[in-house]
Amino acid sequence: MAAFPLAVNFYGDFVLKLLVVDTEHTMAQVAEAATENVIGLHVAGEGGVIRARRSGETEPLPLDMTVAEAGLAPTETLDFYYEEAS
Amino acid sequence: MALLERSEWYDIARRTEWTPGYVSDEELYPEGHSGDYDIPSEAWSTYDEPYKISYREYVDIQRQKDAGAYSVKAALERMDLRSKVDPGWISTLKLHYGAVSVVEYNAGLMESRFVRWARSPGMRNMGTFGMLDEIRHAQLQLFFPHEYVPTDRQFDWAHSGMKSNNWGIIAGRHFFDDMMMTRDAVSTSILLNFAFETGFTNLQFIGLSSDAANAGDFSFSKLIQSIQSDEARHAQIGTPMLAMMIENGEKERAQRLVDVAFWRSWKLFTILTGIPMDYYIPLDRREGSFKEFMQEWIVTQFVNSLEDLGLAKPWYWDIFLADIDEHHHGQQLGTWSWRPTLWFSPAAGVGPDERDWLEEKYPGWNDTFGKCWDVIIENLKRGDIGRTVPGTLPIICNMSNIPIVGTPFKTTQDYPLEYNGRLYHFGSEPDRWIFEQDPERYAAHKTIVDRLLAGEIQPPDLGGVLQYMGIGVLSDGGGDAHDYEWVSAYLDSADAA
């Protein structure tokens, strides 16, 4: 259990935002946390499942994969998107 | 007694090419200060400054300029500016003074280094006048805002802002330290005088001068006209140096310096000039859009000057042209959203009429940036101002030190780079490319986010970050320039009731 910084690039937003999560959080939990400073603040939000993928990659990380398991680097950027909008 | 014509004595008077007897040429002009360019000793004396002036002439002209600027200020001093002009213009003034005034003093130091370290006598002579110019600019831009300080502490950022760790100030300091304060004389003349001054200061000083007059601020209009007349002269220091580099086999390095400085300048001016022109200046007072100014002053004129010298457009030209349409709109959303971190209150500039103008000038604005503003406006219509301020920080570019922004649904992305085990983030391909040109030059610097994550900001929350930035210390932070009055245009009659 450790605090872990990430960069959030949420589809439809204009800016990358800092997000501090826990290494044991799953991608589903990370996605939920990522909405806090995005949905209803700068992005309207579409509803549905939010997925995260490493910046520049096409496949999302599994929803049950933890931050630690994903082997992310501190402050690495994850692209978040509604599954339907990909 | 009749005076000789300047042309009869100028070359002799400024040809101070003495042969050193007690030190070597290398000791007199060490590489770190004078440059390590492979230009033969005899070539330096061929530097031919395009603008020749004697000290007597210089002093006479400058005295007249000062008299003009100060007399307009004195005549208008009793006018309560804030009751006469739009609050968006007041914010433009605060942004300008906080970002520019003390930098002018540093520019004086830069020019003074030309006076000592430049290998060409003509450049040393131009540097002398340039140094005096910049001291005058610092004095003017510290004195003019000073009258507002007793009633509005945010104007004090003109004097104290540059010593703060505000994110916007860090961005400016990183830029000017890189371009102006820490390079040899030759490189600096290309980076600052040629790329920055001949290109971009026109935007700020000519563009904003028109806007100032239109906005009813004749003191500021006169002030920056006065400054620009100096800039137009000493900006020419770099052009003959570029020509000399190209003639002596240093074209590739010259091109790289131009490419680095042009992009770095562009990113700085998207905030300094782009945002005020398209969002802060009241709609009926705008001279033109930022994009139109960019196309006139940069795309046309600067490219002509590059091609005249035999240089190419920067390699990222297509990226730059796309950026003119887009980048500053993201920075406007960011600066307005994180307005508590600023030393001025940004104008939103997105009422219905303003949005029509933005859509006309930047087709597609409503379907991209406008979508984010729609969400903000909905929160404001509900009176939920708190929900318009993010509870976290934006990721900051490790080169430009401004937020990494893009066009919603289209271009928002990171340009990461791992170097020596550290992950760096950049807002564009050219920002990352600049880092890669000389990684050790930039690698140790920390953005405001890096500092927060490194534990350098305590307490590590938004309150601690604001205090670290000087907010609540030097002055209060920003709010909305018009205190959200513009939102009423979006309230239908039922809402309004």
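Bear in mind that the values in this text are calculations on the coordinates, not laboratory data. A quick note: this is a predicted structure, and the numbers were derived from the prediction, not measured. With ideal geometry, Cβ positions are generated from the backbone for all residues, glycine too; neighbour counts draw on all protein chains shown.
General remarks:
- Per-residue ellipticity at 222 nm from helix content only, as computed over chain B with -39500 (n - 2.57) for each DSSP H run of at least four residues, stands at -15500 deg cm²/dmol.
- For the residues of B:402-414, the average number of beta carbons from a partner chain within 10 Å of their own beta carbon is 5.
- Other residues lying with their Cβ under 15 Å from the Cβ of B:Arg422 contribute a combined charge of -2, Lys and Arg counting +1, Asp and Glu -1.
- On Cα atoms only, tilt of B:238-247 relative to the major axis of chain B in degrees: 60
- Sequence-separation-based contact order of segment B:291-392, relative, with Cα cut under 8 Å and 6+ spacing, percent: 21
- Crossing angle, helix B:251-269 versus chain B [Cα axis fit, 0-90 degrees, rounded to tens]: 30
- Rg over Rh, two decimals, chain B (C-alpha only, Kirkwood Rh): 0.98
- In chain B, the longest principal axis of the Cα atoms and the axis of helix B:352-361 are about 40 degrees apart.
- Segment B:359-421, dipole about Cα centre (Lys/Arg Cβ +1, Asp/Glu Cβ -1), debye to the nearest 20: 160
- Among beta bridges from DSSP that stay inside chain A, the antiparallel ones total about 70%.
- Positive minus negative residues near B:Val115 (Lys, Arg vs Asp, Glu; Cβ under 13 Å): +2
- Rel. contact order, % - alpha carbon contacts under 8 angstrom, at least six apart, chain A: 38
- Per residue of A:34-44, other chain Cβ atoms within 10 Å of the residue Cβ number 5 on average.
- Relative contact order %, chain B, counting alpha carbon pairs below 8 Å whose residues are six or more apart: 17
- Computed from the C-beta positions of B:Asp461 and B:Ser305, the FRET efficiency with R₀ = 51 Å rounds to 0.60.
- Charge sum, other residues only, whose C-beta stays under 13 Å from B:Met79's C-beta, Lys/Arg counted +1 and Asp/Glu -1: 0
- Other protein chain Cβ atoms within 10 Å, averaged over every residue that makes up A:14-26: 6
- Cα shape, segment B:292-447, gyration tensor, a/c 1.5 rule: oblate
- Working ranking of peptides B:379-391, B:102-114, B:120-132 by packing, defined as the average number of other Cβ atoms within 10 Å per residue, highest first, is B:120-132, B:102-114, B:379-391.
- Protection-proxy order for peptides B:300-307, B:439-446, each taking the mean of Cβ atoms within 10 Å per residue, highest first: B:300-307, B:439-446
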